[in-house]
Amino acid sequence: MATTKAAEHYHAGSLTDGWHWFGAHRTEKRGTAGWTFRVWAPHAKSVSVVGDFNNWDHQANRLTRRGEEWEGFIPDLKEYAAYKYAVTGPDGQVRLKADPYGFHMETRPATASKLYDIGGFRWSDGAFRERQARHPVYSAPLNIYEVHLGSWKRRENGDFIDYRDLARDLAAYVKEMGYTAVELLPVTEHPLDDSWGYQCTGYFAPTSRFGTPKDFMWFVNHMHKNGIAVILDWVPAHFCKDAQGLFEFDGTCCYEYSDPNKWEHSGWGTRVFDYGRPEVKSFLLSSARFWLEEYHIDGLRVDAVASMLYLDYGRQGGAWTPNRHGGRENLEAIDFLRALNTMAFSVNPHVLMIAEESTAWPLVSRPVEAGGLGFNLKWNMGWMNDMCHYLKMDPWFRQDHHKDITFSMMYAFSENFVLPISHDEVVHMKGSVVGKMPGDYETQLRCLKGFYAYLLAHPGKKLLFMGAELGQWHEWDSDGQLDWYLLEKPENKKIHQFFKDINAFYKKEPALWEIDFDWAGFEWLVSDDNHNNVVVFLRKDRKGRDLLCAVNFSPNPYENYRMGVPAHRRYVPVFNTDCDAYGGDGFGDTEPVMVEAVSSHGKEHSAAIRIPPFGAVFLRGEGAFPKPRKKKQAKEQEKL
């Protein structure tokens, strides 16, 4: 893109590939090889590039002002050379800043950008991407394994594993366990490990903790070659106030709001992007497109969307500035999110754009042209909160809170939901997934199996944070690794096998994912049995074939539990969480259950099944119930 044209789009808020123009790029000028630098610093008095190559001398390599941008050429620099911008603000103070568009950064605690050419990587994931395009998410299985790369697994000495070795181990594991995608907590460069990546300084740089940018390309490529989609957590809601970052970049508010009532999330200690400023909008749009195009990322999970939508978010009792209509909605953020999603689907029509949005804001996952925000998926935070509340409860008291496991169906199809049990639910004294369950460890493992079966059976796509599949009893420790040693224990081997088998069962059963976003794929059979803590429902595929799902959240086994069913001939057991191989007692039907002409739950036909304690069973409807013979035919047969 020509410089003049790029500048026009940039200052109009419509530049979506800004990384080609800004930052540091290998170039040749008058036959001399070097690097061209370009940075936006509208109120700076001067800007220079500093690094080891010039002894960090602010006077050695000054850039030239071109409107609000500064640019220049420095010859004979080597790739990986560390650099920063020395930005002299209106106050005369010099601030050393990392490159906002830098492709690579030093590993913390160092904070400089590094010269890096991201071109030349040989991708070999074409077959995977074509296959993804043929199977849109709306009618395909999506079972996401959420991963924090720094604590999934570490080397024996406690060091981080690099991107390539992580890819080899993680791809093999995820493939074996039957997940269809991984979602990575932010890999955008960040200075503080304890932020888990959610307070970024490098919106165009994968963290150097695990290697180089091309190492991360190799990671994505390898995951794709193993049939695994890669989703990134991406954070356009706020940024950290570290001195080398975007914070007051030229001594004034550039990337953040200048209004003190809008510029900060005090609870997080971070600054809020100014979504109404065209240059900031171009920066964020370019960052999102960068990961989709340059790294072949399959989807972005946009963090903290609620904090973007509401001007009074996190400001209870505090000052906030209303919008031009006097309301609390951030109209600029709404426009940005719509532009973001419109751009993303223009780049890749099959991309996953996932909103972590925790309020009742309408039409989050509906198209922009229909008045929506334009995402195609939204985390179901209401379901998650209800389930976590219910699971912690003593089973006796669950009868008074039955709505926790049924209320989600009141709004299940108002959005395209993902059911998340994420990292946020296993930290800060919330306990691990199995640790939320009542009873001793054996009982907790039973509860875990029943709950996970319910998660897979409930309409919506699925997400589970790493570690639950091990039966890990303490909450997530981001400074360590998962408790892999648990797999030496028989009970944990069995729960691990359970996750592997039920994930495989989920993938091969179209009824569990073909119609996730419409009532056509779901039917209640028993929704009101709060005294027994039982729910029973059907999931259906596009051909109308149904799968009966019965989940028991009580410690009582149920013999001959009767419910009204469609007029099939029989229901055939296809999965039981209480199987001996999973550490259960084998309680459940092992032979087909015949449908009877006994009315129940408003249906003319019914079946009586066995449901294990704290467990779930799945049965497939087969055949048609025999029609009663007419009296005339019966008499004629009697005469014969």
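Brief remarks on what is shown
- Rolling a 1.4 Å probe across the protein heavy atoms gives segment 288-351 an accessible surface of 39 Å² per residue.
- Between the entries [x] -0.61, -1.07, -1.32; [y] -0.70, -1.06, -1.27; [z] -0.50, -0.93, -1.24, the label attached to log10 I(q)/I(0) by the Debye sum over Cα atoms at q = 0.07, 0.10, 0.12 Å⁻¹ calculated for this structure is [z].
- Within segment 73-162, the GluC sites (Glu not before Pro) that combine a DSSP coil assignment with at most 10 other C-beta atoms in a 10 angstrom radius are 156.
- Across segment 79-90, coupling constants 3J(HN,Hα) worked out from phi with the 6.51/-1.76/1.60 Karplus curve, θ = phi - 60°, read 4, 6, 5, 7, 8, 9, 9, 8, 9, 8, x, x Hz, and Gly and Pro carry x.
- Selection from 213, 240, 223 lying farthest towards where the dipole of segment 204-257 points positive, charges on Cβ: 223
- Helix 331-347 and the longest principal axis of the Cα set of the chain meet at an angle near 80°.
- Residue 598-residue 543 FRET efficiency (beta carbon distance; Förster radius 30 Å; 0.05 resolution): 0.65
- Counting only protein heavy atoms and a 1.4 Å probe, segment 62-197 has 42 square angstrom of accessible area per residue.
- Cut-off 13 Å, label 7 Å out along Cα→Cβ of residue 500, residues of segment 429-472 by amide N: 470
- Extension gain for residue 155 to residue 590 (0.36 nm times residue separation, less C-alpha to C-alpha distance): 152.1 nm.
- Ignoring lysines fewer than eight residues from residue 461 along the same chain, the ones with Cα atoms less than 16 angstrom from its Cα are 378, 507, 508, 540.
- Modelled FRET efficiency - R0 45 Å, residue 14 with residue 407, Cβ distances, 0.05 increments: 0.60
- Extreme residue, positive dipole direction of the chain, given options 284, 192, 42 (C-beta unit charges): 284
- Local electrostatic count at residue 226 - Lys and Arg +1, Asp and Glu -1, tallied over other residues with Cβ under 14 Å: +2
- Relative contact order, percent, the chain [alpha-carbon distance under 8 Å, six or more residues apart]: 10 percent
- Cut-off 15 Å between beta-carbons: net charge of the residues surrounding residue 172, Lys and Arg +1, Asp and Glu -1: +2
- Surface composition of the chain: carbon plus sulfur atoms hold 49% of the accessible area, using a 1.4 angstrom probe and ignoring ligands, DNA and RNA.
- Residues within the reach of a label modelled at residue 474 (point 7 angstrom out along Cα to beta-carbon, backbone nitrogen below 12 Å), restricted to segment 410-452, are 432.
- Label point at residue 443 placed 7 Å out along Cα→Cβ; residues across segment 532-575 whose backbone nitrogen lies under 12 Å: 554-556
- Over 26 Å (Cα to Cα) - which of 153/449; 262/403; 78/225; 84/262; 403/493 fall in this group: 262/403; 78/225; 84/262; 403/493
- Solvent exposure of segment 454-561 amounts to 37 Å² per residue of accessible area, where only protein heavy atoms count and the probe is 1.4 Å.
- Shape parameters for segment 109-238, alpha-carbon atoms, Rg then Dmax in Å: 15.2, 46
- Here is the list for segment 137-222: trypsin sites (Lys or Arg not before Pro) lying in DSSP coil, each with at most 12 other C-beta atoms within 10 angstrom of its C-beta, are 155.
- Applying a DSSP loop filter and a limit of 10 other Cβ atoms within 10 Å to the GluC sites (Glu not before Pro) in segment 308-405 leaves nothing.
- Length added when fully stretched, residue 520-residue 134, from 0.36 nm per residue minus Cα-Cα: 136.7 nm
The values are calculated or read from the model by the stated rules, or taken from the named source; none is laboratory data. Bear in mind that the values here come from a model prediction, so they are computed numbers and not experimental data. Don't worry about glycine lacking a Cβ; one is built from the backbone with ideal geometry, like all the others, and counts go over all protein chains shown. Areas reflect the complete protein model, heavy atoms only, side chains present, ligands, DNA and RNA absent. Shrake-Rupley method; radii C 1.70, N 1.55, O 1.52, S 1.80 Å.
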